[in-house]
Structure formats: C-alpha cells, structure tokens
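Enquirer: Got a structure here, written out as structure tokens. Questions coming.
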Amino acid sequence: MRITLVLLKLVLGLFLLGLLTAVGAGAAAWFYFSPKLPNVQQLKEVRFQTPLRIYSADGKLIAEYGEQRRVPIRYEEIPEGMIQAILAAEDSRFYEHFGIDIKGLSRAALQLVSSGEIQTGGSTITMQVAKNFFLTRDRTFERKFNEILLSFIIERELTKQEIMELYVNKIYLGQRAYGVQAAAQVYYGKDIHELSIAQMAMIAGLPKAPSASNPVSNPRRSLERRNWILGRMHSLGYIDESTYQSALNEPEVARYHTSDIELSAFYVAEMVRQEMFRLYGENAYIDGYRVTTSIESRHQQASDEALRAALIAYNERHGYYGPEDRIEGQEHTLESLLAQLNRVPVFANMQPAVVTRTDERIAKALLRSGEEIEISWENMRWARRFINVNSMGPVPNRAAEIMSAGDIIRVYPTANNNWRLGQIPRVQGALVALDPHTGAIQALSGGFSFAHNNFNRATQAYRQPGSTLKPFLYAAALEQGYTAASIVNDSPIVIHDVSLQGEWRPENHSRDFEGPMRLREALYKSKNLVSIRLLRDLGVQQGQQAIINFGFEPNRTPANLSLALGASEATPLQLTSGYAVFANGGYRIDPYFILKVENDNEEVTLPEEAGLAFIEQNPSALMPKDEARRVISTETAFIINSILEDVIKRGTGRRALELNRQHLAGKTGTTNEQKDAWFSGYSQQSVATAWIGYDQPAPLGRSEYGGTAALPAWITLMRSGLEGQEDLAYPMPESIKTAMIDPASGQLAYNGQDNAIREFFTADTLPQTQAISPEVRRQGSVIDSLFD
C-alpha cells in the first residue's frame, strides 16, 4: 500500500513536471512567435476576390470577368443543411471548442514523431481560416504552431458566426469556384438554397481535395466522399434515417455550369471591361465590381438578330463560297466525325455540320451534338456559286451541285425550326441605337460575331458616311437663312480645286439633272450637285465647322467641297450621336453606356478620370437643356425633321413605311463604288444607325445601297425598340410659320393654285413674294408681244 502511494506521488510529480514544462515551452513559443503573427483584425474588413460582373439596364447578366468565381454569402443566408454538412465533414465540435481540437492535434503530433512530418492536420474550421487567410500550405511544425496561435486569437476576436462566414466564402472548391454559393452554381446551376441535402454534402466534401475529387473530374471518388459525409450527418443527429437513406440513393447529377449569361452583348461587355481596367487596373477583376449598363435587353437582342439577318441576306444575294473544309475518306465512325466537328467553333447562330448524304433536292448533315438534320431544297437553293460581288454561277438544280458528303458546312435554325444552309459572312456591319435625349446607348452590335472577330465596328470603324452627312450641311444652311423652299440648281458643275487635285466633275447618283429645285426636294432625293452648290455658297470652312459642331472629329472632316458628298470619316456611333441633335431639338449629347458601378451593393464614387462611358449627372435631369450644348436652333431641328420624314415617305427610305409610323425620320447613304451602305434614322424615343461594308473597303456590288443593304437592319431594330411606344410628332415651335407655296419657285402660292404645298418657315424667312399664275404669265406675254 505504501509502495503504491509512493509510486502514485512519483507519477503525479512527473506529470506535473511535464505539464509545467509544456506550459513553459508553450509560453516561450508564444513569446517567440506572437510578434510575427499578422493582425487578425484584418479579417473584419476582408474583401473577397470577386469577379467583375456586367448587367443590362433591366438586370440581365451580360458578362463575367475574373479568374475566381465567387459569390459572397452572409452567415444568415447559409442554409442549415449546408452548415451541418460542413460540420460533419470538417469539424463537428466547431461551436464547442476554443479554436483547436485536442484529439486531432494529438493525432498530428504522433504522426510528426513517428514519421518526421505532419500527414493529417487535425485542423478545425478556425485553423483552416487562419491558414487560408494568413499562412502557407507548408507542412512544417512552425506553420502549424502559428496556425494554432492564430486560431486562439481569431476565436477571441471573432464570433463563431463570423468565422464560419469567412470559411464558407474563402474555401476553394474546384472548377474555379471559391465559396459554397459559387460551387452551387458551378456544379448544379442553382442557388445554394435550392440544393438537396445530398448536393450540400457533396460540396462539403470538396475542401479536402477540390481539384482531384470533385464530381466533374472524379465522380466515383466524390460520390464515396458524399456518402461518408451523409453517414456522419446521420450519426451526429443532423438528419433522420429516412432523409439519410433518401440522400444515399439520390443520383449525382453534378456537371460544370458556366456563368449563366442571360443576354448576348459581347461588344458592349468588352467596352465596359476596357473602361473598368483603365480606371482600376487588375483590381477590376477581383474587387467584386457590379456594372449596370444602359443596354436594354429586348433592344439589344433585336439589334444582334437584325444585323445578322442583314449580313446573311447580303450573303445570299451574292452567292455561296463553298464548304469551309472537307473530311476525306469513306470510313468514318460517328465518334471520329464528331471529334473533327467539335474542333470547328460555333459563331453566332452558324453551327458547323458535316454532310452525310445528298439526294436529289435534300441533304442530310450531322451536327456537333450528334443530331442528324435535313436541309430542304427551299433552304439551300439560294447557293449559286460566288464569283465576285457582281456575278454568280448558274442556278443549281440538284443538292449535289451545292454540296457533297464529307463537306463541312454551316447551318442555322429558321423561325419554323428547320435548318438552312449558311456561311460566315465576309461582309461586316454595325448597328447602334441610343436615347436621343440622354445619350444612353440602348443597343450596340459591333459585327456578325464577337467570337469570330472582336473588332467593334460601331465604335472603331471610321468610314465615309456618304449622303447620311448631308442633313448636317442642310441644317447649317437653314441656320444661315436658307429655307426648305429655297431654290438651288441641280445642274452639271465643274470644280477647280487644288485640294481635290485638279478638275472635278461630280455627278448625281442617278446621273440625271432636274434643274432648279427646292432644298427639301433636293435632300430627300439626295442630290449631290445641290449639296455641292450649297457648301460652296456657305463657304467650305464654315460648312466644315458646322459639321464638326455635331460631334465629328476635326482631323477627319476635310475642308473641301467633297465634304458635301460625305467624304469625311466617322464611326456609326458618332453618326448616331449627330442625328440625335435633330431628334432632341438641337442639342449635342455625349453617348454613354454605364449607368452605375457598385461594390458590395453600394454605389461606387467614380474616379475623376472616368470618361464619357459613365453617366455623370442626375438621371432624372438628363434632357440636354444647357444652351452651351446647343448646335442648331429648335426651329432648324424641326424643319430638318420634317424633311427627313419625307425621305421615308417619298424618298430613298420608303421601305421603312412597313413600320406603319407617321413620325419616323432618317437618311440613306451610299459611298462611291458602293463601298459603304448606311441608314441613320430616329423617332422621338430612339435614334439608330446601320452600316454595312467590308472591313477592308471594297465594293459591295452594283445593286447594294443604303436602302437595300443597311435599311432592313434598321427597320428590324426599330420595330422592336418602338413596340408599345406612341407615334409622337415632333412638337412644332411657336415661332414656326406655315405657308402654302408654289412647288416650282418656292414663292407664296397664287390665289387658287391647285398644286400648292405647305411648307415651314421661321418668321424672318417667310416668303414675301407671290408666284405668278400661268394666266397672268400668259397675259404678260400677250402684252409684251403688242410692243414687239
């Protein structure tokens, strides 16, 4: 008994000595390591790396930029089942311990003694937070001890809820997903609240080996891990037997989901990305900026579809270039055909397909999806062989004259769910629409497909605007005292101008001459010779400055008479901005495409160097009423509007009458050799420009004009944009006077003149003389003859 007591005292003494030694060693380690530890208070202000997201004005996701897919979530928003799955997988005593798990650490210590290295960490969630935010992943004793010390401090400074929130948002879960909310979207395409218990368990099992054991790369291993976690949840009492068995039997449906892009507007997205990078550098992609653009989703979708339809229609008018490629040989398995097809990218609505068989007037083809489709004769008969823009081969009679088995072709779906033979257009185009009162860009399409060619023709393509520039010149003439009834001669002219390299004999497009005519008629008939005489009378320098005032670049607006025919350079967006001046009553506006920038759901104060991409004024006060921005008078704008309405009612824009609107205005434009086709037009609610042409300027073909190539795209866009909008007339200023005039002379109509027309004038330009009637003219001739 006495020996036993002595032994007991000895063991107790040794234990106390070991404990004091351990405490002493721990205290010494604390004093050694603690000064080197980071400040845990940083965790209270942590900003997670979150990608740049770009949205339309109505909240549809356009694009996402950033290496890490993360959607931060607050603790209150985490489903209870998700927390329980994480606890079962990582740290079931999380809400009980003070930052470390003694059992886990003991196991790690034994591994260190026996093997010389730490094989399993025994880490709690708090320790993982310390490691993820502050430490490396090195398996060393020093790092582990720092992890333990930091865990004590974190538990002292933060609540358990704050620690859990940091953990679920920081952890890497494979496939570029950081945090549980992003993982829910990446693997299941759902919000985290929509996940089943089994799916939550699968996500909770990912931190251990996110790259190697996720259900995309290793479904068998991830399923085993999921079921183990479900078993832990059951044994811990988080789920009952019925839920457990149901979850075990639930099939795993995880697959990789890309960002849920809701609106295709890649050219706009790239404009935003460039502007954000200019302002914030690389931080633009990691600081969680949420950019809302001025783009209207319905308008944008119509813009893309309208431009593609116009380019495809141009293609079909000029013939078929032939297959993109061929798969040679007869012996091919389905798998080998699909493998070769999958190397061919999809551009816009044009899918690659390989022809498998041709009958008399039907062709069969295989899509990348493995679906076999049929192309009817109706959907391929257009494909005459392309020779050049002015000529094609003979009309085909059989499918085999167009394609053969092994050809890689392009097809696209039609409105009635059939497939039509297509091809990637060589011609390009742009379409842009904006609010004429604010400058907000409503829609912008910079080409057929951003994936095929990311050059943004709406903002970067400087092309000659041709006759679409004429209204700016006519507006300058009205400002200088001309009227819509002023008479200018449409007759041959020879110009001697050193800047034009000698003698110049301009012509009308129609190559005819109509003699003296009113300005209104000359503009809606687009008479070149009248425009030249008008510019010469105004003075080239004054005319040039007047056009520059509409927003065109001085160094791209030449000071010579060819300016009257549109021989300057402008982008489709610049031209659209210029036409907005007519639509809003005479004010110059600056286009913008970003409504607001948010970070953590709070609006960001923009840097001083933010450009015109941003709205910099109160959205409720955007009507441009600053007289410093006035370009032309309200009266001039009204008269030009009425003339440009005539372009649609009786001029080169008559095709737009199909919109059944009384108050649409616009102007066609076609440059020399039909290298550029334009239409710019507007209502009170929207102003838009369509351009069609080759990236390297080349003729479009003899029959291609603004009214045939560009106007159809404008019509389709405006049909969508004006849906549900009133057909508003342009308000007539009180200072505008109306008078009945003689259409031949522009003078006041004589009494009883049956072909008199109404015209608009300002009070100081109202005609003072009356036209002479034929009867009076005849009487004058008789009297003159009596004196001969």
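Every number in this text was worked out from the coordinates using simple rules, so none of it is lab data. What you are looking at is a predicted structure, and each value in this text was computed from that prediction instead of being measured. Reconstructed Cβ throughout: ideal geometry from the backbone, glycine too, with neighbour counts over all protein chains shown.
Enquirer: Given the pairs K170/K596; K527/K649; K60/K208; K170/K190; K160/K208, which are separated by over 23 angstrom at their Cα positions?
Expert: K170/K596; K60/K208, as the Cα separations exceed 23 Å there.
Enquirer: Expressed as an acute angle from 0 to 90° and rounded to the nearest 10, what is the orientation of the C-alpha long axis of helix 774-787 relative to the principal long axis of the chain?
Expert: It is inclined by approximately 30 degrees.
Enquirer: Which order results if E77, E759 are arranged by neighbouring Cβ count within 10 Å, fewest first?
Expert: So the residues, fewest neighbours to most, are E77, E759.
Enquirer: May I ask you to list the trypsin sites (Lys or Arg not before Pro) in the stretch 433-533 that are in a DSSP loop and have at most 14 other Cβ atoms within 10 Å of their Cβ?
Expert: Here the trypsin sites (Lys or Arg not before Pro) that fit, given the DSSP loop and packing criteria, are R511.
Enquirer: Looking at V488, V647, Q199, which one has the Cα that reaches farthest to the positive end of the dipole of the chain (charges on Cβ: Lys, Arg +1; Asp, Glu -1)?
Expert: Farthest along the dipole direction, towards plus: Q199.
Enquirer: List the relative contact order of the stretch 321-422 as a percent without decimals, with contacts defined as Cα pairs under 8 Å and 6+ residues apart.
Expert: Relative contact order here is 34 percent.
Enquirer: While we're looking at this one, here's another question. Among T333, W382, M350, whose Cα lies farthest out toward the positive end of the dipole of the stretch 315-406, if unit charges sit on the beta carbon of Lys, Arg (+1) and Asp, Glu (-1)?
Expert: Of the candidates, W382 comes out farthest on the positive side.
Enquirer: How many nm separate the modelled label positions at S376 and R398, each set 7 Å beyond the Cα in the direction of the Cβ?
Expert: So the two model labels end up 2.2 nm from each other.
Enquirer: Another question, then. Report, to the nearest 10°, how far helix 219-235 tilts away from the longest principal axis of the Cα atoms in the chain, using its own Cα long axis and a range of 0 to 90°.
Expert: 60
Enquirer: Additional query: Whole angstrom only: what separates the Cα centroid of the stretch 275-293 from the Cα centroid of the stretch 302-365?
Expert: After rounding, the separation between the Cα centres reads 38 Å.
Enquirer: What whole number of Å gives the distance from the Cα centroid of the stretch 59-90 to the Cα centroid of the stretch 559-581?
Expert: 51
Enquirer: While we're on this one: Toward the positive end of the charge dipole of the chain, about the Cα centre and with charges on Cβ (Lys, Arg +1; Asp, Glu -1), which of Y172, S773, Q747 goes farthest?
Expert: Y172
Enquirer: Once you order the gyration tensor axes a ≥ b ≥ c over the Cα atoms, which shape class does the stretch 333-373 get: rounded for a/c under 1.5, otherwise prolate or oblate by comparing a/b with b/c?
Expert: oblate
Enquirer: Another question, if that's okay. When only C-alpha pairs under 8 Å and at least 6 residues apart count, what is the relative contact order of the chain, in percent?
Expert: 11
Enquirer: Charges only on Cβ, +1 for Lys and Arg, -1 for Asp and Glu: so what's the dipole of the chain about the Cα centre, in debye to the nearest 20?
Expert: 1800
Enquirer: Okay, moving on. Gain in length, R74 to Q542, computed as 0.36 nm per residue apart minus the alpha-carbon separation, to one decimal in nm?
Expert: 162.2 nm
Enquirer: While we're on this one: Out of the chymotrypsin sites (Phe, Trp or Tyr not before Pro) in the stretch 347-444, which ones are loop residues according to DSSP with at most 15 other C-beta atoms within 10 Å?
Expert: none
Enquirer: Nearest 10 degrees is fine. How inclined is helix 470-479 to the longest principal axis of the chain, computing both from alpha carbons?
Expert: The angle comes out near 60 degrees.
Enquirer: How high is the relative contact order of the stretch 467-569, in percent, counting Cα pairs under 8 Å that sit 6 or more residues apart?
Expert: 34
Enquirer: Using 1/(1 + (r/R0)^6) with R0 = 30 angstrom and r between the beta carbons of H257 and R357, what's the FRET efficiency to the nearest 0.05?
Expert: The computed FRET efficiency comes out at 0.25.
Enquirer: What's the ranking of 545-551, 712-718 by average number of surrounding C-beta atoms within 10 Å, highest first?
Expert: Highest-to-lowest ranking by the protection proxy: 712-718, 545-551.
Enquirer: Please give the contour-minus-distance gain from N418 to D512: 0.36 nm per residue of separation, less the Cα-Cα distance, rounded to one decimal in nm.
Expert: Contour length minus the Cα-Cα distance gives 29.2 nm.
Enquirer: For the chain, just the Cα set please: Rg and Dmax, both in angstrom.
Expert: Radius of gyration, then largest Cα-Cα span, for the chain: 37.2, 167 Å.
Enquirer: OK, next. With θ set to phi - 60°, apply the Karplus curve 6.51 cos²θ - 1.76 cosθ + 1.60 along the stretch 703-717 and write out the HN-Hα couplings as whole Hz, x wherever there is a Gly or Pro.
Expert: 9, 9, 10, x, x, 9, 8, 9, 4, x, 5, 4, 4, 4, 5
Enquirer: Also: Extension gain L606-T738, at 0.36 nm per residue separation less the Cα-Cα distance, in nm?
Expert: So the chain would gain 42.6 nm between L606 and T738.
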